[in-house]
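Asker: Let me begin by handing over the structure; questions about it come next.
The values are calculated or read from the model by the stated rules, or taken from the named source; none is laboratory data. Note that the structure is a prediction, hence the values are computed from the model and not measured. FYI the Cβ positions are ideal-geometry reconstructions off the backbone, even for glycines, and counts take in every protein chain you see. Surface accessibility is based on the protein's heavy atoms, side chains included, excluding ligands, DNA and RNA. Shrake-Rupley method; radii C 1.70, N 1.55, O 1.52, S 1.80 Å.
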Amino acid sequence: MIAGGLTETKPATSEIQEIADQVKPQLEGKENKMYPFFVALKYKTQVVAGINYFIQVSISKSNDECVHLRVFQSLPHENKGPSLTSYETGKTKNDPLEPF
């Protein structure tokens, strides 16, 4: 992979769900809203001085409502957890996962 380039969209794995779960409190704090249903569906990555994860997360059992998360994971030697750097609400499962 070329640094700065995005991977193709891939189905979310348990590792991606764990990253989404770790930044969920950050999203809830920014939105002042709780998300009882929070399931990662798909993702892309971008290698920078660490990794940017673009993650589509379903937030409803009853409809297609989603949020898109941009999460930064620093390099391992920095010993920092993932950080929610940006997000987009009002998305659906059919929306493409694009960089933002």
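Asker: Could you please let me know if residue 58 is at pLDDT 95 or above and loosely packed, with under 11 Cβ neighbours inside 10 Å?
Answerer: Taking the combined requirement at face value, the residue does not satisfy it.
Asker: From the set of residues in the stretch 79-100 that are over 17 Å from residue 58 (Cβ atoms) and without any contact (Cβ under 8 Å) to a residue 24 or more places away in the chain, which is surrounded by the fewest Cβ atoms within 10 Å (Cβ to Cβ)?
Answerer: Taking the candidates together, the pick is 79.
Asker: Go through the stretch 1-23 residue by residue and tally those that are in a loop (DSSP other than H, G, I, E, B) and either modelled with pLDDT of 95 or more or among the polar types (S, T, N, Q) (or both).
Answerer: Result for the stretch 1-23: 4.
Asker: Out of the residues in the stretch 9-43 that are in contact with a Lys or Arg (Cβ under 7 Å, 6 or more places away or on another chain) and charged (D, E, K, R), state the one that is least open to solvent (accessible area, probe 1.4 Å).
Answerer: 42
Asker: Can you pull out the residues in the stretch 61-78 that are over 21 Å from residue 8 (Cα atoms) and either of a type in the set (Lys, Arg) or exposed (fewer than 13 other Cβ atoms within 10 Å of the Cβ) (or both)?
Answerer: Selection gives 61, 62, 63, 64, 75, 76, 77, 78.
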